[in-house]
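Read-outs: derived from the displayed coordinates by stated rules, not from any lab. Please read these numbers as outputs of a predicted model, since none were measured by experiment. All Cβ positions, glycine included, derive from the backbone under ideal geometry; neighbour counts span all protein chains shown.
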Amino acid sequence: MTSRSETLFQRAQKTIPGGVNSPVRAFRSVGGTPRFLERAEGARVWDADGKDYIDYVGSWGPAIAGHAHPAIVEAVREAALKGLSFGAPNEGEVVMAELICELLPSVEMVRLVSSGTEATMSAIRLARGFTGRDAILKFEGCYHGHADSLLVKAGSGLLTFGNPSSGGVPADFAKHTIVVDFNDLQQVEEVFKARGDEIAAIIVEPVAGNMNLIKPQPGFLEGLRRVCTQYGAVLIFDEVMTGFRVGPQGVQGLYGVTPDLTTLGKVIGGGMPVGAFGGRRDIMQHIAPLGAVYQAGTLSGSPVAVAAGIVSLQLTRAPGFYEGLTASTQRLVSGLAAAAAESGVCFSADSVGGMFGAYFTATVPTSFAEVMGADKERFNRFFHAMLDAGHYFAPSAFEAGFVSAAHSDADIDATIAVAREVFAALG
Ligand code: PMP
C-alpha cells in the first residue's frame, strides 16, 4: 500500500524542486521516501501516516526544549494576536538583544535577522567593510549557509550530494574564499604568512556540525584567535548550530576562546525563523544606519519569532538545564557505542552538550578526511532500520544529531535497545 508520505512526495516533486524546500530533507544520500511530518511534540514527531518517532533531528537544532514547548507556543500565540509584523521597532527585539548580550559576554551589540544564512552573510560583509579587505578563510566541510562566498567546499547537504561547491557561484566571488583543513593550524598560519594583509576574516564552526560532529583539537581555536589578532583579521565563530546548544555560552564559553563576531540561529528562534550576528561594539558600529555596511530585513526582529526566541533562551536558563541535556546526550552516545561494540560493528560516537556525532569509523574522527572515510553504506542501512523502528536520525552520515530537554532516559534507552538489534543485524 502506498503511504501518504509517498503520495505527498510524488505530488511535491511536481511543483517543488526535488519535492523539498531544503536539500537534505530529500533523503537523496540514504535513499527511500522522506517522511512528511504532520506534528511534533516533546521528543517525538508524527508522520503523515500517523507513525511516531523519537526524534534526534530536532528541526536541525532549534528544538532544544522539545518540540512545541507549551511556553513557546503560548508566547507565539500571544504575540500573533498583537500583530504578525510591524516593520517598525518593538520592545521584544530589545529584550532579545539584551538577553543575547547578557548571555554571551563577547557580544556587545547584536542585530537580528531571519536565518543563519543571513547572519553569516552579513557578518562576512561586516568583516570586509570593517577591515577593507576582500579575502576570507574558511575550513573544508564547515557549512555557513548558502551565501555565494561561503559555498566553497562547504559541508551539510553539499557533502551528501558529493558536490563540494555550488553551481551559480561566479569564480570571481569564490576566488576570495581561501579554504584550508579544519584542525590544521599550520595551514592557517602559512596562508596568513603569505596573504595575511588581504584576509578580512576567519569564519569557523568552532565545533563543526556539518561534517557530522568534529571537535576542535586542543590549541586550534586559540591559534585562530592568535593569528587573527596578529594580522588584524576578524575572528567569526559561526555558532548558528552550537550557540546555546553545547552550553550556556556556546563553544566560546566551553573552550574559553573569544571571537570578534558570533553568528547565531536555530535555538535563539525556538523553532521560528530567527538568526543574529553580533560582537565587538567597534565592529558592529559599522553596520547601517550607524556605519557604511548595509544590512536590512523586512521581517527582521519579527515580533512573533522574537517572542518564541526569548522564551527558548529563558528555558535554557533553568537550573541544571545543560547538565541534564549533556547527560542525556552522553547516555545516548555511550549506549550506542557499547551496543555497536557488542556486535563488533566499526562504530564510534561523541557529543558536546546537546549535540552528538555517530560515525561508522573505528575511532572518533578529528578531520574532514577521516569523516569522509566513514562507511556510508552501513550508515544508510542503520538509518533505515532505525527509522522503520520509530527512531528518527538525520538522513545523512555527515550531519550532527540533537537531543532535547524533552528526551527522557526511557526514550534514549528505547533507542539504544533498538540500535543493539540493528547493529547485530549489520554485523
Ligand atoms: N551556519 C551553520 C553552522 C549552520 O549549521 C547553518 C544551518 N544548518 C547555517 C549557518 C545556515 O542557517 P540557515 O539554514 O538558518 O540559513
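Assorted remarks:
- Charge-dipole axis of the chain as Lys and Arg at +1 and Asp and Glu at -1 on Cβ define it, positive-most pick from V179, L325, F383: V179
- Structure note, pairs K175/K266; K153/K215; K153/K175; K51/K376: Cα-Cα distances above 21 angstrom occur for K175/K266; K51/K376.
- Annotation: the antiparallel percentage among DSSP beta bridges lying fully within the chain is about 60.
- Linear extension gain, E108 paired with A414, 0.36 nm per residue minus alpha-carbon span: 105.8 nm
- Relative to the 2.2 N^0.38 Å rule of thumb, the stretch 319-405 has a C-alpha radius of gyration ratio of 1.08.
- The chain, relative contact order [Cα under 8 Å, separation at least 6], %: 22 percent
- Packing order of peptides 361-371, 250-260, highest average first: 250-260, 361-371 (average count of other Cβ atoms within 10 Å over each peptide's residues).
- Rg then Dmax, both in Å and based on the Cα atoms of the stretch 17-103: 17.0, 46.
- The alpha carbon convex hull volume per residue for the stretch 269-359 rounds to 152 Å³.
- Protection-proxy order for peptides 109-117, 192-200, each taking the mean of Cβ atoms within 10 Å per residue, highest first: 109-117, 192-200
- Relative to the current alpha-carbon distance between S166 and S85, full extension at 0.36 nm per residue lengthens the span by 25.8 nm.
- Taking Cβ atoms as reference points and 13 Å as the exclusive limit, the residues near V352 contribute a net charge of -1, counting Lys and Arg as +1 and Asp and Glu as -1.
- For the stretch 277-427: Kirkwood Rh in Å [reciprocal of mean 1/r, alpha carbons]: 18.1 Å
- Over the stretch 24-182, the pair-distance histogram of Cα-Cα distances with 10 Å bins from zero comes to 8, 25, 30, 27, 9, 0 percent, rounded to whole numbers.
- Shape index of the stretch 99-182: Rg/Rh, with Rg the Cα radius of gyration and Rh the Kirkwood radius from the inverse mean 1/r over Cα pairs, equals 1.01.
- The residues packed around V207, meaning those with a beta-carbon under 14 Å from its beta-carbon, carry a net charge of -2 if Lys and Arg are +1 and Asp and Glu are -1.
- Placing one equal scatterer on every Cα of the stretch 219-291 and applying the Debye formula, the log10 ratio I(q)/I(0) at q = 0.22, 0.23 Å⁻¹ is -1.01, -1.06.
- Burial ranking of peptide ranges 280-286, 79-85, 201-207 (average Cβ count within 10 Å, highest at the top): 201-207, 280-286, 79-85
- Hydrodynamic radius (Kirkwood) for the chain, which is based on Cα pairs only, to one decimal in Å: 21.9 Å
- For the stretch 88-238, the direction-averaged projected area of the alpha-carbon convex hull comes to 10.1 nm².
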